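Notes for the one structure printed next.
What follows draws every value from the coordinates through simple rules; no lab data is involved. A quick note: this is a predicted structure, and the numbers were derived from the prediction, not measured. Here Cβ is always computed from backbone atoms with ideal geometry, including for glycine, and neighbour counts include all displayed protein chains.
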Amino acid sequence: MNRVLYPLFVGVLTVFSASCASTQVAKAPAPLPELPQYSRVPHPNGFDLADLKAIFFHPSAPVGVREAFADQCDSDFRKLAGATPLKFERSTGAQELVTSKPEDMHWCFYSKILKLQEVLQSDSTWTERQNRVIETFEFLTPVANAFHDHYHDSRYLRWASQYYSKVSEWVFFKKVVPTPENTLLLTSGTRTSIEPWVAPASGAKEPSVFAKYGLSLMPSVAGAPNPLESAPRAPASVEETEE
């Protein structure tokens, strides 16, 4: 090797070896937190009833979601509400339902809004409409709060707030306008004073409020195929069979 280039070659090799010796293997990045199972269910893209109705044609919509399921999905909560007048126990029950079967409560939440809308658009009296609004939001409010507390998901509360703002002026002749501060807190996922919030869940598992009153929960039915896709086909006619 050329005597002039040799010292330069040795110097470069020394620097390269030193840099390799000091190189540290990067640690593998921490795994991303696992999304809750219910996160695969669809949500309305907006706050119009057309946006809400669209999700019921999703393949994950339970069978009979607009009929039998919507009529019975809140029966656990209603049984608890009939057993205790305490609001904090009802809120605790809603938390238990949301954590034990979030998909059911997801579909139940939105189907109850549609059921309420059907009553408001029917020939019912004003008293019937007002009572149905109160009854429906006795269920929607703690369920929306529970989704926020356990999953930091404010979409349910935002939908309930938007919808209540519309029906309140129509049914109760009272306009509900959230303050800018409440709107900011609501959209940022922090607690607001629009509705009474339930306490956040602690690390320790609390005893079941349903078990306290001897109530057993209904089996989970969410996640079934779309009823439009799973409907049985009519038997083939004689002509079709012969062909």
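So for the pair His150, Ala28, with labels modelled 7 Å out along Cα→Cβ, what separation do we get in nm?
Those two pseudo-labels are separated by 3.1 nm.
By how many nm would the segment from Asp51 to Thr84 lengthen if fully extended, with 0.36 nm per residue of separation less the alpha-carbon distance?
Here the segment from Asp51 to Thr84 would lengthen by 8.3 nm.
If the chain between Lys174 and His58 were fully stretched, how many nm would it gain, using 0.36 nm times the residue separation less the Cα-Cα distance?
This chain segment gains 38.2 nm when fully extended.
Which residues does the label zone of Ile134 cover in region 147-175, counting backbone N under 15 Å from a point 7 Å along Cα→Cβ?
Backbone N within reach: 168, 171-174.
Over the Cα atoms of region 88-166, how large are the radius of gyration and the largest Cα-Cα distance (Dmax), in Å?
Over region 88-166's Cα set, Rg and Dmax evaluate to 12.9, 39 Å.
Between Arg40 and Ser208, take the C-beta separation as r, use R0 = 30 Å, and let me know the FRET efficiency to the nearest 0.05.
Efficiency, from the Cβ-Cβ distance: 0.70.
For the peptides 136-148, 112-124, what is the packing order when you average, over each peptide's residues, the other Cβ atoms within 10 Å and list the highest mean first?
136-148, 112-124
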